[in-house]
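J.: Quick one: this structure, given as structure tokens, is what I'll be asking you about.
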Amino acid sequence: MDVRKVVRSGIVHFPALADPKAQVQYAVQRLLHRPFEVEFLALNRLLSRGDLCLDVGANRGQSVDALKMLSFPVRVTAFEPQPRLYRRLLERFRNDPNVVVLPYGASDHASITEIYLPYYNGYCFDGLASIHKEGLDEWLRHSIRHFDARKLQIVAMPCQTVRLDDVVVGSVRFIKLDVQGSEYAALQGCVETLRRDKPHLMVETPPPEVRDFLGRLGYTQYVYDHGALRKSNGWTLNPFFLI
């Protein structure tokens with residue numbers, strides 16, 4: 001039995017429970033000092049005190065929490081274009097001098113566009129928000145038991161995109177990229193930073209064009225496996241790209 005699928009399917013029938021459930025989950029992770037994705041443990045060996053990290057697609061701040069769990073402090077600039085989540089992040093980290101929150105999406109050009117949010121039975125899957133409307137329901141169709149297309153709604157919201165090269169100040173040591181189909185455009189918009197600083201990268205779901213592009217810049221793909229990084233070919237979830 002896929003426990004996550006069962007829980008996810010239950011949440012969409014009781015949307016009011018979603019936010020409290022997420023808040024409790026993240027609070028427990030912070031209490032146990034356990035990042036929501038195990039790959040972040042590799043950063044204890046890759047980063048140093050005071051390094052500048054970019055969290056592109058910050059969502060509810062899970063990656064910011066993970067970076068704050070490192071054994072030394074780092075600086076984080078978090079990008080989140082969804083207004084509701086941006087305001088939450090701003091409130092959460094307003095007294096933290098090491099965290100800056102910006103209300104932008106990342107692309108290869110600055111623009112005012114739209115971001116699309118999928119709702120199912122009134123529950124917003126904000127982690128799937130994308131500037132690409134096509135195929136937005138594909139993951140939901142395979143991840144919710146007894147999926148009913150009549151309960152799906154796609155809502156458009158204004159979104160401002162920027163080139164990371166234009167807004168980031170300082171030498172960047174690490175970039176986490178989770179932008180639901182905009183990975184290649186986001187990297188095109190920070191190619192100067194990539195060439196200058198050669199930051200470590202973690203890309204949640206890198207398509208082939210991203211792997212090829214980073215390979216041309218001298219990056220090699222790694223996967224975090226049993227406490228160590230090893231070289232990896234082909235698609236994998238949350239790979240690192242290192243020079």
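J.: Taking the criterion of being in a loop (DSSP other than H, G, I, E, B) and under 22 Å from E192 (Cα atoms), would at least one residue in region 95-103 satisfy it? Write out each step before concluding.
T.: Restricting attention to region 95-103, the residues satisfying the condition of being in a loop (DSSP other than H, G, I, E, B) are 95-98, 103.
This time we only want the ones that are under 22 Å from E192 (Cα atoms), so: 103.
Yes - at least one qualifying residue is present in region 95-103.
J.: Kindly indicate whether any position in region 50-68 is surrounded by fewer than 16 Cβ atoms within 10 Å (Cβ to Cβ) and out of contact with any helix residue (DSSP H, G or I) (no Cβ under 6 Å at 6 or more places or on another chain). Give the derivation first.
T.: So the first thing to find is which residues in region 50-68 are surrounded by fewer than 16 Cβ atoms within 10 Å (Cβ to Cβ), and the list is 50.
Next, from what is left, pick out any that are out of contact with any helix residue (DSSP H, G or I) (no Cβ under 6 Å at 6 or more places or on another chain): 50.
Within region 50-68, one or more residues are surrounded by fewer than 16 Cβ atoms within 10 Å (Cβ to Cβ) and out of contact with any helix residue (DSSP H, G or I) (no Cβ under 6 Å at 6 or more places or on another chain).
J.: Kindly check whether there is at least one residue in region 211-233 that is in contact (Cβ under 8 Å) with a residue 60 or more places away in the chain and either of a type in the set (V, I, T) or within 24 Å of L89 (Cβ to Cβ) (or both).
T.: Among the residues of region 211-233, not one is in contact (Cβ under 8 Å) with a residue 60 or more places away in the chain and either of a type in the set (V, I, T) or within 24 Å of L89 (Cβ to Cβ) (or both), which makes the answer no.
J.: Could you tell me which residue of region 95-124 is nearest to G189 (Cα to Cα), considering only residues that are among the hydroxyl-bearing types (S, T, Y) and surrounded by fewer than 18 Cβ atoms within 10 Å (Cβ to Cβ)? Step through it out loud before you land on a result.
T.: Looking only at region 95-124, we keep the residues that are among the hydroxyl-bearing types (S, T, Y), and these are 104, 107, 111, 113, 116, 119-120, 123.
Those still in the list that are surrounded by fewer than 18 Cβ atoms within 10 Å (Cβ to Cβ) too: 111, 113, 119.
On the way: S111: 12, T113: 16, Y119: 29 Å.
The residue in question is S111.
J.: So which residues in region 70-94 are surrounded by fewer than 18 Cβ atoms within 10 Å (Cβ to Cβ) and part of a loop (DSSP other than H, G, I, E, B), if there are any at all?
T.: Within region 70-94, S71, F72, P73, R94 qualify.
J.: Please report, ordered by residue number, the strands (runs of 3 or more DSSP E) entirely within region 128-239 with at least 1 residues that are over 16 Å from the mean Cα position of the chain (by Cα) and either at pLDDT below 95 or surrounded by fewer than 16 Cβ atoms within 10 Å (Cβ to Cβ) (or both). Outline the logic, then answer.
T.: Working: elements: 152-162, 172-177, 200-203, 220-225, 228-231.
Where strands (runs of 3 or more DSSP E) fall fully within region 128-239 and carry at least 1 residues being over 16 Å from the mean Cα position of the chain (by Cα) and either at pLDDT below 95 or surrounded by fewer than 16 Cβ atoms within 10 Å (Cβ to Cβ) (or both), they are 152-162, 220-225, 228-231.
J.: Those residues that are polar (S, T, N, Q) and touching a Phe, Trp or Tyr at 6+ places or on another chain (Cβ under 7 Å), I need them from region 144-201; list them, please.
T.: Q153, Q160, T161
J.: Oh, and also: So is V38 surrounded by fewer than 20 Cβ atoms within 10 Å (Cβ to Cβ), modelled with pLDDT under 95 and among the β-branched types (V, I, T) or not?
T.: So V38 fits the description; yes.
The values are calculated or read from the model by the stated rules, or taken from the named source; none is laboratory data. Please read these numbers as outputs of a predicted model, since none were measured by experiment. Note that we place each Cβ from the backbone using ideal geometry, even for glycine, and neighbour counts take in every protein chain shown.
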